[in-house]
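A short worksheet on the structure shown next.
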Amino acid sequence: MKLNRTQWASVTAVVLALLFAGGAVTVASADRDNGPATPTTESADAGFARDMAVHHQQAVEMSFIVRDRTQDEAVRRLAYDIANTQANQRGMMLGWLDMWGLPKVQSGVEPMTWMGMGDMAMGGEDGALMPGMATRADLDRLRKASGKDAEVLYLKLMTEHHKGGIHMAQGCVERCVPGVERDLAQGMVDAQQSEIKLMADMLKERGA
């Protein structure tokens, strides 16, 4: 049986998820201890996947910007790692939404509603949809900066971005049902906390 593009994307997302989970033999839609076999549109699982995919996309964008604004190898290496990791994770989350047959965008619903915090989201203020996200003005400043100025601004923006991401990922750890998605969220918490410490050291090295 031939698979169409959407089916191939779903299969690929499942394989990536299994690899990321260190050999887990279940996928996010199966063998769940609590809740339905397939998440609903309003579930924490679906809400987290949608919102974090948007959050991750901006981190990827900022990382590509700074890569072209500095020659500092340490910052470029960090930016590459963040872009690569978060682009892959974003693909996994969008793949899960495809697999569950759920929309990637939920119109009329504020971000973070699945956390009970829809009224605390940024409301799209200058492009910042969720806590930690940079505004369009911030991104314009980053595009115009260069050298050390770009490095410092990127590290500061990404530190705040990670703090917002950790808050959201912890929300999934507490609300998503057991499975690879919750494991992924916990991995995000651990990795981004470590990167915040690294960026703090990098800022100190640059006198910021």
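Can you name every residue in the stretch 183-208 that is closer than 28 Å to ALA44 by Cβ and of a type in the set (Gly, Ala, Ser)?
The answer is ALA185, GLY187, ALA191, SER194.
Can you go through ALA46, ALA53, ALA74 and tell me which one is in a helix (DSSP H, G or I) and in contact with a Ser or Thr (Cβ under 9 Å, 6 or more places away or on another chain)? Steps first, answer last, please.
Numbers: ALA53 fails: in contact with a Ser or Thr (Cβ under 9 Å, 6 or more places away or on another chain); ALA74 fails: in contact with a Ser or Thr (Cβ under 9 Å, 6 or more places away or on another chain).
Only one candidate qualifies: ALA46.
Against the definition (open to solvent by less than 70 Å² (accessible area, probe 1.4 Å), in contact with a helix residue (DSSP H, G or I) (Cβ under 7 Å, 6 or more places away or on another chain) and modelled with pLDDT of 95 or more), how does MET158 come out, yes or no? Give the derivation first.
Working: open to solvent by less than 70 Å² (accessible area, probe 1.4 Å): yes; in contact with a helix residue (DSSP H, G or I) (Cβ under 7 Å, 6 or more places away or on another chain): yes; modelled with pLDDT of 95 or more: yes.
In short, yes.
Exactly one of (1) open to solvent by 30 Å² or more (accessible area, probe 1.4 Å); (2) within 19 Å of ILE65 (Cβ to Cβ) is unmet by MET133. Its number?
Among (1) open to solvent by 30 Å² or more (accessible area, probe 1.4 Å); (2) within 19 Å of ILE65 (Cβ to Cβ), MET133 violates only (1).
Which pairs have Cβ atoms under 8 Å, sit 6 or more apart or on different chains, and link a residue in the stretch 153-172 that is more than 18 Å from ASP140 (Cβ to Cβ) and touching a residue at least 24 places away in the same chain (Cβ under 8 Å) to one that is among the polar types (S, T, N, Q) and buried (at least 18 other Cβ atoms within 10 Å of the Cβ)?
HIS162/GLN192; GLY165/GLN192; ILE166/GLN192; ALA169/GLN192
The values are calculated or read from the model by the stated rules, or taken from the named source; none is laboratory data. Since we're looking at a predicted model, the values are computed, not measured. With ideal geometry, Cβ positions are generated from the backbone for all residues, glycine too; neighbour counts draw on all protein chains shown. Keep in mind that these areas ignore ligands, DNA and RNA; they rest on the heavy atoms of the full protein, side chains included. Shrake-Rupley method; radii C 1.70, N 1.55, O 1.52, S 1.80 Å.
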